[in-house]
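For reference, the structure discussed in these notes is given below.
The values are calculated or read from the model by the stated rules, or taken from the named source; none is laboratory data. From a predicted model like this one, the values you see are computed outputs, not experimental measurements. Here Cβ is always computed from backbone atoms with ideal geometry, including for glycine, and neighbour counts include all displayed protein chains. Heads up: the accessible areas ignore ligands, DNA and RNA and are worked out on the full protein's heavy atoms, side chains in. Shrake-Rupley method; radii C 1.70, N 1.55, O 1.52, S 1.80 Å.
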Amino acid sequence: MTRHHTLRIAYYALLITLLSACASPTPTPQSFAPFILITQDPNASPTSTPFQPSGGVNTALPTFTQVPSATATSTITLTPPPTLTFTPPPPPTVGSVPPTSPPPSTSSRANYILYSTLDFTGKTITTDQTIRYYNGTGVALSEIVFSVQPNRYGNTFALNSISQDGTALTSYSLSGQRMTVSLPISLQPNTATTFALNFKLNIPQKSADGVFGYDFNQINLVDWYPFIVPYQGGWVLYDPMPWGEHLVYDSSDIELNIKKDSDVVIAAGATPDQNGEWIRYRMYGARTFALSASNEFLVSESTVGNVVIRSYYFNGYKTGGEGILSLGTQAIETFSEQYAPYPHQSLAIVQSDMHDGMEYDGLVFLASDFYGQYTGGSRGNLATIGVHEIAHQWWYGMVGNDHALEPWLDEALATYSERIFYENNYPANISWWWQFRVDYFDPSGYVDTSIYNGGSFRLYTNAVYLNGAHFLDELRERMGHGNFSKFLKEYARRYSHGHATSADFFALMRETVNVDISDLLDKYFSGSY
Ligand SMILES: [Zn+2]
């Protein structure tokens, strides 16, 4: 997730010469702090969110005390998470085969239960994983496809055993990110089966701009366990590209039981409880379970209703750590009012040595650079990217989409949600936001660009994120703010824990208010909707 500096450097050089060259009649855009050049890692994959170099003016934010928990004023009723119907098997000792076929589950969502032992110093994690998979595809399945992202790294993933309903599986192939398991007997529609896996990760060193792996004081585990990919007329597991995201996830119920050294703090998208000698996390209706571990985390906490927001940061970054906690708390409040109740018990905002931000269910990573740049207020990369990643809890987490073929459905909505955030919390910053986040890049390109026809990181993000935000702004004007808000609420409700497509988006939009947007479609979309 590195920023494509070569492109960016060329871009800045061009911009600065332009700015210095022709002082245009229009008010000269805000001048930015000198760009900090960081040697580009040629193998790095580009940033998932376009952002600005440091600087930008700040408006004071209410200060936040690092008290155990400070409740926000407004009371937002949140639906308590359902109790897990899938009784977890008794904790196996790592390496032993867990008991066979747990009782049937009522939820059609896949259930993942993991028992993991994290060796923070040794940089390994060993796991017994159970997956109860319900075949809701409508067809008989003779094979099941798993995404195994750690297998994209050398010497990282070791599968020790895999079984189905208690019987060891022998015919499966693992190549790159794809594991294909051929079933001895096809799995009929509307029936369920249970897979049990035992695997070990030798956690690789994190690349300077990546998320997954270990750093000198932190281990980030993202897309770290095998998961069954969606089946939509075929198994959906795309090839990665140097930009954007390629993974598509079904919504599932996930329970992690973990053992770790006592001095290690874990950041995750759920509030833990004790399960015997294990620390247990449970997430319902999540796409994936990510975590970050460190023996140097400082933690500040706040609440919105019964949602707990925790900011995990490192020594020397307290201002940023508490600043993003305040902004994050406001974002949860705003988006819960504007879209739907926040879908999890808690949110973890985690500082990490990377170049931008990255969203997971109930957990977002933000670049240390942003914390270092932050001097308070609601402007700057920490604020804008932080709010962007939090908005992904709704657009990616709650409402799923095809990140490879239709990334605008989460990225344009997450980017435009920044504007909705400023409108509801810092309206004086709206025009600053347009300049700082969007128009500085002079975005163009079709919003319905996929990761495969993006052309470059810059062209891709300009089209999907930034031009996407312009499209949504014009759509809102055309629909009327009230209708637009009603539309987004119904979109969140109708596709909650499901998958939405561009066709779904426009069908519901027309259902909400039937206005002519043919000119907007011509201007912003290559496809017809
Ligand atoms: Zn994003």
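Charge dipole (Cα centre; +1 on Lys/Arg Cβ, -1 on Asp/Glu Cβ; no other charges) of region 317-420 amounts to roughly 360 debye.
Would you please state the base-10 log of I(q)/I(0) at q = 0.22, 0.28, 0.30 1/Å for region 166-213, with intensities from the Debye formula using one equal scatterer on every alpha carbon? Values, matching the q order: -0.97, -1.23, -1.28.
Residue ranges 373-379, 272-278 sort as 373-379, 272-278 when ordered by packing (mean number of other C-beta atoms within 10 Å per residue, highest first). Overall, the anisotropy analysis places region 470-529 in the oblate class: the square-rooted eigenvalues a ≥ b ≥ c of its C-alpha gyration tensor yield a/c not less than 1.5, with a/b not exceeding b/c.
Estimated at 0.36 nm per residue, the fully extended path between L159 and S431 surpasses their Cα-Cα distance by 92.7 nm. In this structure region 223-350 gives 29 Å² per residue of accessible area when probed at 1.4 Å with all protein chains present.
In this Cβ point-charge picture (+1 for Lys and Arg, -1 for Asp and Glu), region 458-522 has a dipole of about 320 debye about its Cα centre.
How big is the gap, in Å, between the Cα center of region 112-138 and the Cα center of region 417-472? After rounding, the separation between the Cα centres reads 37 Å.
Quote the charge dipole size of region 299-361 about the Cα centre in Debye, to the nearest 20; the model charges only the Cβ of Lys and Arg (+1) and of Asp and Glu (-1).
Once rounded to the nearest 20, the dipole reads 180 debye.
Chymotrypsin sites (Phe, Trp or Tyr not before Pro), restricted to region 203-272: which are DSSP loop and have at most 15 other Cβ atoms within 10 Å?
Values: sites: F212, Y214, F216, W224, F227, Y231, W235, Y238, W243, Y249; in loops: F212, F216, W224, Y238, W243, Y249.
Passing both the DSSP loop test and the Cβ count: F216.
On a C-alpha basis, how far is the centre of region 371-387 from the centre of region 198-239 in Å? Whole number, if you could? Using only Cα atoms, the two centres lie 27 Å from each other. Using equal-weight Cα scatterers in the Debye expression, the normalised intensity of region 279-384 in log10 at q = 0.15, 0.20 Å⁻¹ is -0.60, -1.08.
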